[in-house]
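Novice: Got a structure here, written out as structure tokens. Questions coming.
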Amino acid sequence: MRRICVFCGSSMGNSPAYREAAEALGLFIAANEIGLVYGGARVGLMKVLADTVLNQQGEVIGVMPQLLINKEVAHDGLSRFVIVESMAERKAHMLKLSDAFIALPGGFGTLDELSEILTYNQLHITDKPLGLLNINGYFDRLLAFIDHGVEEGFVREEHRLNLIVSNDIAMLVSQMEAYQPVGMGKWISDIHTESNNR
């Protein structure tokens with residue numbers, strides 16, 4: 001993998017474990033000469049991650065819409081900074097620049113970003129691996145929700161398997177490197193056929 005895009009919080013979270021994980025991931029990325037793509041902010045876990053990679057002389061590319069730059073949250077010390085017009089364009093540009101994706105703990109923005117990659121992988125718009133670095137069991141309830149979706153027939157099991165999960169960075173990246181996209185198959189039920197058969 002040449003570049004990994006990391007989704008994570010613009011806050012630090014309540015546990016020091018989250019900051020430690022961001023630092024550890026940054027060190028791993030730099031040590032393995034992988035470029036970092038992220039949202040471009042100088043706050044929260046995003047700043048910790050970016051600064052860690054930069055301090056190891058690694059490549060860091062930030063992507064941010066003008067509306068957030070206007071709020072003065074942009075990091076001004078990156079290897080490259082890409083200004084876009086919208087949040088949607090930001091995600092599209094990060095997708096284009098990156099070979100794989102990792103989500104650290106974060107809020108609604110992180111959830112939006114990882115959900116889009118999951119959906120794109122389901123539809124084979126892209127086939128790039130997505131990993132959750134599940135620090136402190138942060139994503140456990142999200143994973144339970146997805147598993148419930150499988151049980152209730154709204155998520156196919158093979159698409160659930162597109163999501164790679166670990167609390168160990170090296171193991172997560174190793175599994176991502178071995179990722180094979182699931183077969184397309186029939187990803188949605190025929191509502192009309194099901195209704196007619198009742």
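Novice: Need one number: % antiparallel among DSSP beta bridges in the chain, to the nearest 5.
Specialist: Taking every DSSP beta bridge with both residues in the chain, the antiparallel ones total about 5 percent.
Novice: Another question about this same structure. Measuring from label point to label point, each 7 Å out along Cα→Cβ, what is the S115 to E152 span in nm?
Specialist: Taking the two extended label points, one gets 1.4 nm.
Novice: Which net charge results for the neighbourhood of G26, defined as the other residues with beta-carbon distances under 15 angstrom from its beta-carbon, given Lys and Arg at +1 and Asp and Glu at -1?
Specialist: Net of charged neighbours comes to -1.
Novice: Pull out a ≥ b ≥ c, the square roots of the eigenvalues of the alpha-carbon gyration tensor of the range 10-56, then state rounded if a/c is under 1.5, prolate if not and a/b is larger than b/c, and oblate in the remaining case.
Specialist: Here the range 10-56 falls in the oblate category.
Novice: What distance in nm separates the simple spin-label points at L161 and R19, each placed 7 Å from Cα in the Cβ direction?
Specialist: 4.1
Novice: For the ranges 64-74, 148-158, 8-18, 97-107, what's the packing order if you count other beta-carbon atoms within 10 Å of each residue, average per peptide, and put the highest first?
Specialist: Answer by packing, highest mean first, reads 97-107, 8-18, 64-74, 148-158.
Novice: Moving on. Excluding same-chain pairs closer than 8 in sequence, count the lysine pairs in the chain whose Cα atoms lie under 26 Å apart.
Specialist: Close lysine pairs found across the chain: 9.
Novice: Is it possible to state the helix-based mean residue ellipticity at 222 nm for the chain, with each DSSP H run of 4+ residues giving -39500 (n - 2.57), the sum divided by total residues, to the nearest 500 deg cm²/dmol? What is it?
Specialist: The helix contribution divided over the chain gives -13500 deg cm²/dmol.
Novice: Once you place label points 7 Å from the Cα toward the Cβ at I83 and F108, how far apart are they in nm?
Specialist: With each label placed 7 Å out from Cα toward Cβ, I get 2.6 nm.
Novice: While we're here: Taking just the alpha carbons, could you work out the radius of gyration and Dmax for the chain, both in angstroms?
Specialist: Cα radius of gyration and Dmax of the chain are 17.6, 63 Å respectively.
Readers should treat all values here as calculations from the given coordinates under stated rules, not as data from a laboratory. Nothing here was measured: the structure is a model prediction, and the numbers come from that model. FYI the Cβ positions are ideal-geometry reconstructions off the backbone, even for glycines, and counts take in every protein chain you see.
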